[in-house]
1. Volume per residue, Å³, of the convex hull around the alpha-carbon atoms of the stretch 170-326?
2. Once you compute Rg and the Kirkwood Rh from C-alpha atoms, what is the Rg to Rh ratio for the stretch 1-138?
3. Carbon-plus-sulfur fraction of the accessible area of the stretch 218-338, 1.4 Å probe, in percent?
4. Which percent of Cα pairs goes in each bin when the distances of the stretch 152-239 are cut into 10 angstrom slices starting at zero?
5. Before I look further, what does the stretch 1-154 give for accessible area per residue, probe 1.4 Å, in whole square angstrom?
6. Cα centroid distance between the stretch 168-214 and the stretch 1-69, in Å?
7. Binning at 10 angstrom from zero up to the longest distance, how are the C-alpha pair distances of the stretch 161-208 distributed in percent?
8. Looking only at TRP218, TRP345, TRP208, which one moves most when the chain is put into a Gaussian network model with springs between Cα atoms under 10 Å?
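The values are calculated or read from the model by the stated rules, or taken from the named source; none is laboratory data. Everything numeric here is computed off the predicted structure, so don't read it as measured data. When we count neighbours, we look across all protein chains shown, and the Cβ atoms used for this are built from the backbone with ideal geometry, even at glycine. In case anyone asks, the SASA skips ligands and DNA or RNA and just uses the protein heavy atoms, side chains included. Shrake-Rupley method; radii C 1.70, N 1.55, O 1.52, S 1.80 Å.
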Amino acid sequence: MPRPRPALNAIRTAAHRIDKATPGERDRAVDALRALAILGVVLGHWLVTALVADGGALRTASPLQHMPWLAPISWVFQTLAVFFLVGGHVATKSYASARARGTTYGQWLRARLGRLFRPVAAVLTLWTAATACLLASGADFATVHTLVKLALSPLWFLLVFAGLTAATPLVTRINPLWPLAVVLHVDLIRFGLGGPSWLGWVNVAAGWLVPYTLGAAWTRGELDRRRAGWVLFTGGAAVTAALVAWAGYPASMVGVPGVAVSNLDPPTLAAVTFGLAQCGLALLLREPLRRVMRRPAAWAGIAFANLSAMTIFLWHQTSMMAVTALGLLVGRLPGLHTTPDGLGWVAARLAWLPVFALALAVCWSAFRTYEQGPRRRAGRPSRVVRVHRRPGRAGAKASPRA
């Protein structure tokens, strides 16, 4: 039998180092859920967002617009509720640990928001320069607007997440039913009583506060039993199905161009109840994920993904647009510049996913230092290992970027 290549041996060695350096009390399922949530968002955007070449301009389109029967794709890849669930759990644990160490609220908040927003600086700088260059070169204004909107669209999520992070001390005392009741009443006024459409923006805070407060309840130990996961999963799924079937809510859990009502922009009651089902499923998956994460290779990949979570999230749209723009040099390519109106487009788009991933890897290599810090000096242990090497301390304090 041929000996494994040196590169494979090096990867296995690194994976075992990370595994051994991770504190035993760390809940690896939390990191796995966060990584899966980010992966769902990235793949979801790459699959349902199309930039169609229309003459000399680019416009956005979606396969869900032409093939609404593909709506179940959005049920798989719209995973923001899981991210807010994990975010609420990690933030409340982190705040409790900070208070126990004597850290003030201001110090704790500055540290968390600094880790959240440092990678944003690179995105804003690059796209400010790119926008100026495009406009100066005479590019179509509508095309520039489309590109900038797509590139910066992930920032709305960070603003909401930052606001909820700042409210963490209050969130620890809020029952998830309270923000859920706000979402219910907002939708009743908007859709049932003909209220103003702007009222829906209240749900941007209230809707995402629901999974965030569930994360706080997880920290308090109120969701430890599997029964809680089953109640959330079955109850949320049943209510969502009823809202779609009989209350007129869209089946897609992401926005679709040309559709009057979006479940996500701003969040509707259907999006929130669907998020409850997702949170329930996430809670049910904790034990299976813990078993999988005992494998050094699987855990190393998840630990690495968590250290790059914000970089991946912020640059995945730019990566897709870079591939699309370079492809125009060749011509209108199927699955890249053509109208997403058939299964042929879907098959072609799936073939483009590895290219998008390669472009994202280039962006990660160029901009990861904004999230992870400068490249380590020779002889220093990998940051992936260092951030886990906190023996004898609480899991929340040992958390890498948690």
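1. Values: hull volume 24.8 nm³, N = 157.
Output value, Cα hull per residue: 158 Å³.
2. Working: Rg = 21.9 Å, Rh = 20.1 Å.
Dividing the radius of gyration by the Kirkwood radius yields 1.09.
3. Details: 3550 of 5290 Å².
Carbon plus sulfur share of accessible area: 67 percent.
4. Values per bin, smallest distances first: 15, 40, 35, 10, 0.
5. On the way: 7620 Å² over 154 residues.
Value returned for the stretch 1-154: 49 Å² of accessible area per residue.
6. 30 Å
7. So the P(r) values, bin by bin, are 26, 47, 22, 5.
8. Result for the chain, Cα springs under 10 Å: TRP345 fluctuates most.
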